Structure formats: C-alpha cells, structure tokens
1. Considering B:R110, B:R64, which residue is more than 9 Å from chain A (Cβ to nearest Cβ), within 14 Å of B:V144 (Cβ to Cβ), part of a helix (DSSP H, G or I) and within 11 Å of the chain's Cα centre (by Cα)?
2. Among the numbered conditions (1) out of contact with any Lys or Arg (no Cβ under 9 Å at 6 or more places or on another chain); (2) within 14 Å of chain B (Cβ to nearest Cβ), tell me where A:N249 comes up short.
3. Restricting to the range A:311-328, count the residues that are part of a loop (DSSP other than H, G, I, E, B), in contact with a Cys (Cβ under 8 Å, 6 or more places away or on another chain) and either farther than 25 Å from B:S141 by Cβ or more than 10 Å from every other protein chain (Cβ to nearest Cβ) (or both).
4. Quick one: A:Q234 ticks every box in (1) touching a residue at least 12 places away in the same chain (Cβ under 8 Å); (2) within 14 Å of chain B (Cβ to nearest Cβ); (3) under 26 Å from B:A142 (Cα atoms) bar one, so which box is it?
5. If you check every pair at least six apart or on different chains, which have Cβ atoms under 8 Å apart with a residue in the range A:463-486 that is within 16 Å of A:R498 (Cα to Cα) first and a residue that is of a type in the set (K, R) and part of a loop (DSSP other than H, G, I, E, B) second?
6. Residue under question is A:R448, and the condition is that it be charged (D, E, K, R), in contact with an Asp or Glu (Cβ under 8 Å, 6 or more places away or on another chain) and either not assigned by TED's automatic domain parsing to the domain that holds A:A287 or not in a loop (DSSP other than H, G, I, E, B) (or both); does it hold?
7. If you check every pair at least six apart or on different chains, which have Cβ atoms under 8 Å apart with a residue in the range B:65-82 that is over 17 Å from A:R382 (Cβ atoms) first and a residue that is among the acidic types (D, E) and not in a helix (DSSP H, G or I) second?
Amino acid sequence: MPSVRVPCSAHDRARIRRTLPAMLLAALSACAGNSAIESGSLEVTVRDPATGGGVPAASVRLTGTSLAAITNAAGIAVISDVRAGAQPIRVQSVGFCVNDRTVRIAPAIRTKVTIWNCGDVVEVHNAPTEPAIAVLDLRIGSGPASQCLADELRQGVGYMDVGMNAMPITPCHGAVALLTRNHAVYFSNDASALPWTASPGDVLSVNVSPSLLHVPIRVTISSHASLPYAGVLQLTQDQLKMAGDILSNDLAGFDLAGDETGAPVVIREATAAQKGIIGTGCANVAAIRATPALYSQGHLNIFVVEQATDHYGNDIAGTSCLVEQAPDIIFVSPRVAKPHTLLHEVGHSLGLQRPMWGHTDGLEGFWGTNPSEPLNLMDSGRALAIAYLSVGQVLRMTIAEESWLNLPSAPNGSTVRQRQAPGSSEPLSVPCGCPASEATDDCAALSRDISRTGVKNEPTTGTLACGTFPVGPLAVSCGAPTNVTAVLSPVGALGSARFVSLDPMVLTVTPSDNNSKMASLTGVANGTGRVSVWADGSPSMFTVVVSGCP
Amino acid sequence: MWSRRWVICATIAAASIAACRAPRIEQADTLDDRVFVFLECIDCTNGERARVILMGDSAVPSLRLALLNGPDSLRVDALERALSQGTLAVASPDLVRRQAEVYRGSYRRRAAGALRDIGGLPAHRALCESKATRVSLGADSAYVDSAIVRAGARCR
C-alpha cells in the first residue's frame, strides 16, 4: 500500500509534544511487562565437594554479559532479570578452578541450581538443554578410605554435578548410563574411557545418540466382534499414544515406530484366513512365525484381538509370549485393557520378566499413591493410568540380556541396539540381576529411581524366586498322568511356576492350578517332547520320553 | 370345597419349594479383594482367576456387583482424572471417554466369564439379572449373552 505524507500543522506538533512522553512511558511499561514474563531470576548455591558446605565469595556470571553476583557466607548468589531459556554461566572462586555450566532459566520464577565447586561433572555434550539422568558406578576416596559406589543417580539439564571427586576407577567397577528425552539410552562399562583422576574438576563429556532408539512394531488387528473395526482401531491408537507419553515422560530413550528409521506405526487388519492363524493367544506362535504376512523377525509383532487368552483359556488383557520364547509376539485386548497395557506387554518383551513375572506388586521401592494404589507400569493390574517406569526398569529394558533389543532379530544375528546404536552397545560383563533388590555391576536394581510423588512399597519379606532348576529328563507311559513339581531357584524362594508343553502332539500339560509349582504330564503319542518351566525368571526346559502309545 | 382347599395348599407348598430352590443372591456393597484383583489384572499370571472360580458361590455377590455396576465410580473418576490431568501429556476428552468405557466394560466381561464358569443357580441368576440392564452393557451385551448361553442359564 502506498504511503501518503501529510504535513504537520503547528497544532499537530503541539499535540505530539503533549502526548509523546505518555506514549513512550506506555511503550516502556509494555517492554518491562514483557521482560517480566520472558525472564526469571537465578539462585546459585556453590558447594565444596569435600565438606558439603557453601563456598563464599565465589563469582557467578552469565557468560558474555555483565550480569554477575558474588556468593554470600552460605555460598548463595542471586542474579535477577535473567532471560528465560538456556544460559551459560561461569562460577569461579578465588584460587580454585573454573566451573562452566549451562542452566535453564524458567520464566517468571527463581531457578535454583547447585554447583559443586571444582567437582567432577557429567556433561551431555550434544543435548545441553535436555533433562537428563545419569547412573554412575564410581570410586571415591583414596587409600584405606577408598569406596566403590554403585548406581549413584544424578539429575540435571545438560550436565550433572557428580557432587564429589570421582577417583581413578581401579579396583572398582566403572560404568555410566545416561537417560535423556530425545536420545537413546547411553551406556558404557568401559572403565578405560572414564576421565576420573585424583584431581577435582574432571568432566565426562558424552555425546548421546542423535535420536531415540526406534523399537519397530507391527500391529495387526485380528478379531473385533463387539466393535466395528474403526472402534478397535481407535482403541489401539489410544494404547500407542499412552505408550509414547509414558516413554517420553520417563526418559526411556526409545519410541515405538513402524521401522528402525522411526517411520510411523502401521496398523493392519488381518484377513479372514490370517485370523485363524493368529488365534487368541500364544498357543499359535509357531504358526504365526511361519506366516511371513503376519510375522517379521525384525519387529515386535503385536496382535490386537477381541479377547486374548492364556494357556489355560483364561481371559486376559494382554500377554507377551515369553514362555514360548517368543518375546517378539504380543497379544493385546484393548476391549478389556488398561490404557497402558500395550506398553506393559512391551515391557515384558524388553526384559522386565523377573522376579514375580516382571510385576512390581509388593516389590520394595516402587511408588504408589498409597500401598494399594500402585503407579508403576509393571504392576500386575491395579495401576490405573499414571503408570511410570523407574530408572532401573528403563536401564534393564535397554541393556538387559533378555531384552528383545539385545536378542538376534535379523538373519545376520544382529540386534536392534547393534543396528541402531553401535556406539553404546558394549557387551555386558554380568547379566542383570534378580530379584529386584539385587543389582549387578552393570544393571541397577529394578527399583533404583528418582524421587517421585507418593509412598514407596515396604521391603518384601522372603526371598523371591528367579528361575527354576530343570526337571527330568522324564519317561512317562502313554495316557497315564505323571505329576511334576518345579524346583524354584533359589531353593525355598517365594514364587509360582508355569509349565508349557512345547510339543503338544507328544504330550500335554495340565497345571494343578494357575499359580502352582505342580503340573500333570500326559503322553499322547510315542516320542520325545519338550516342556518349558517358567518361574519368575528365564524359562528352563526338560525333555519327556513318551512310550506305550498304540 | 375340599378340592379348592387342596389347590390352595398345593399352591403354597409349590411356592415354598420354589423359594427354597431359588435362594436370594446375597447383595454386596464392595468387592471381595480376590475378585477385585481378578477384575483388574492384566496378564493374570498369578492365578487371579483360578482363585475366584475356587470361591464358588461366595464370589457371586461381588461378581454380580461388577457385572451390573462396573468398577467403583471413584476408580472410574480416578482413571479419568489421571488421563485428563495427569503428569503425562493431556489426553483428549474422546480418549478419556473411550478408556473409561473400556474400563467399565472390562469388569462386566470378566465378571460374566467368571459367573459362567462358576455356574450354579446363584451365578445363573446374576447373569440373567444383567439382561435387565442390557442398555448399560452397550457393546458388551453380546459377550454377556454368550456367557449366559455357555453357562446354560435359562433366563425368563
């Protein structure tokens, strides 16, 4: 639009002179108001790692600005009117080292951070503005006072103060895991790569994977008798949304995707013939695996059915086919499922299998609104919707040997982690422990976690079972039921066992009940059959020779 | 005269026998804890269902309550609140509505299935009673009807 210049009259000039100061004041007020919204204040506490006390007279400066303050006797300095967002700061005390950090200033409130003066630091080099959690195995002190510390948790944004002087790791175990929102979990147990020296101020700078780990899933909707296909599709999409929200919220480091490039999940409808193959539960695993249109070795294959059933024909909301040693096959019934059931089953497939079948009911250290209202994703059912994963659970899902992410899932025997995050998939030196309270060098305890709202479960009484000892081999006569009893590991532990015939054409298995250590075997054809026994840990297997059949 | 008196007595006797054969279902205000755990379980690996079936008739009042009313309204409220105001990304009102309905339906389905397998007159009566509330069963009515048929219950 063309502009038109209109000459000012004397009256106009006088009016402008009268109103200009008010207009400028209004503009300045507007700017000041905007500044109050877009800025906040920063309170820095500088602490001495040796004593834990505050460090007085340290300078705190926003790098590249004139905004600065000196810490008081308690080691606290406050800087006002700091622009919101990520801001680099430098903390320097007289005669000590320089501490450079990036802090995230929240608008309109006072952001509080603690800097451990000259302490060691873990820095997420390529994600400086992301919330992060570090899990560290460290050594502190020297000589007789030397201690090995396991699974120390630190939280921060872009960096985490270790809060102590980490020493050269030998003879302790050294490891570091990093959880961030938008990157795969970083894990290293390579002690030689740790920078810790006897001097303070060491920085462990980690470049996390450029993206999340993409856990490829294929979703096939099978039966949907009580709802139109569109209705079941919507419920399935609800499950996927809840899964995505929980994984992001808990810094799980992976998402559920259509393939390993992160493509969107594709939901298919099974044909009539395929529905017959899928069935309602894990009984059809062999047939599913033999049908390329239904099964992909490189995916978690999720089947959505009207009503999923377990081995005994009982209605269930979902199941991962662990007993059949098919963690890549999952059944879900969104018509009877909790909003987080699909992710619960994915949790089982990714190594959350023990103790207590991977369920956290009653396990020490898991959070609930009160003891009877659990909040953990892997509770066996009562958790409603705010279902969290602990740091220990997230770690196991990524690094546990029984996690599907670390099992061969391609013709060349490679794993999902090897294909997508080769820089952080060092082989584990020690398998993840069982039960939950038992950590190993590389795996934190399942319940290891940041502080959450609620109350924690009390310690579990008794020892929890982690597996079974193999039974047999046995010889049974055709048609004559033979009773067997699972021996839990460790002996005398609490837990239940489940028996599954892997060769039902040779012999059948009838449990004494669904929560028992006993079962009855019946031969139906001459030959050798296999039975899997599953008790809170990895399944064991034994063989049964059937004879005497016509 | 005599025959008329006889008819009245016979009617009273028949009614008494019928009353004996059709015991009233004990009403439950809250769910038995074993039934509650069964109704809520996801993969149900700890014998939740077997324990309820073993309870037999004593499980019927709780299962009837679950079949007719669904979950405790406080739990439905808690689910809706958790989905719409939780620490997770806020879910859409449609998702909240759908998931609340699924939650109600899950109780009805599981209760119907357990009543079917427990069997016997009290269980059959509870199943038949649900037919009167067919409207509230919505998409789950076919499942409950199937349970009635498989249980062999004869509903009037």
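The values are calculated or read from the model by the stated rules, or taken from the named source; none is laboratory data. Quick caveat, the model's predicted, so the values are computed rather than measured. No Cβ is skipped: glycine too gets one built from the backbone with ideal geometry, and neighbour counts run over all protein chains shown.
1. On the way: B:R110 fails: more than 9 Å from chain A (Cβ to nearest Cβ).
Result of the check over B:R110, B:R64: B:R64.
2. For A:N249, the exception is condition (1).
3. Start the filter on the range A:311-328 by keeping residues that are part of a loop (DSSP other than H, G, I, E, B), which leaves A:311-314, A:317, A:322-325.
The next check asks that each one be in contact with a Cys (Cβ under 8 Å, 6 or more places away or on another chain); those that pass are A:311, A:314, A:317, A:323-324.
Applying the additional criterion that residues be either farther than 25 Å from B:S141 by Cβ or more than 10 Å from every other protein chain (Cβ to nearest Cβ) (or both) yields A:311, A:323-324.
Residues flagged as part of a loop (DSSP other than H, G, I, E, B), in contact with a Cys (Cβ under 8 Å, 6 or more places away or on another chain) and either farther than 25 Å from B:S141 by Cβ or more than 10 Å from every other protein chain (Cβ to nearest Cβ) (or both) within the range A:311-328 amount to 3.
4. Just one mismatch for A:Q234, condition (1).
5. So the pair list comes out as A:C466/A:R354; A:G467/A:R354; A:T485/A:K517; A:A486/A:K517.
6. When the stated conditions are applied, A:R448 passes them.
7. Correct list of pairs: B:L65/B:D29.
Quick grid of which residues meet (1) assigned to a helix (DSSP H, G or I); (2) exposed (fewer than 14 other Cβ atoms within 10 Å of the Cβ); (3) modelled with pLDDT under 80; (4) within 14 Å of chain A (Cβ to nearest Cβ):
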{"residue": "B:G56", "(1), (2), (3), (4)": "yes, yes, no, no"}
{"residue": "B:R104", "(1), (2), (3), (4)": "yes, no, no, yes"}
{"residue": "B:A114", "(1), (2), (3), (4)": "yes, no, no, yes"}
{"residue": "B:S136", "(1), (2), (3), (4)": "yes, no, yes, no"}
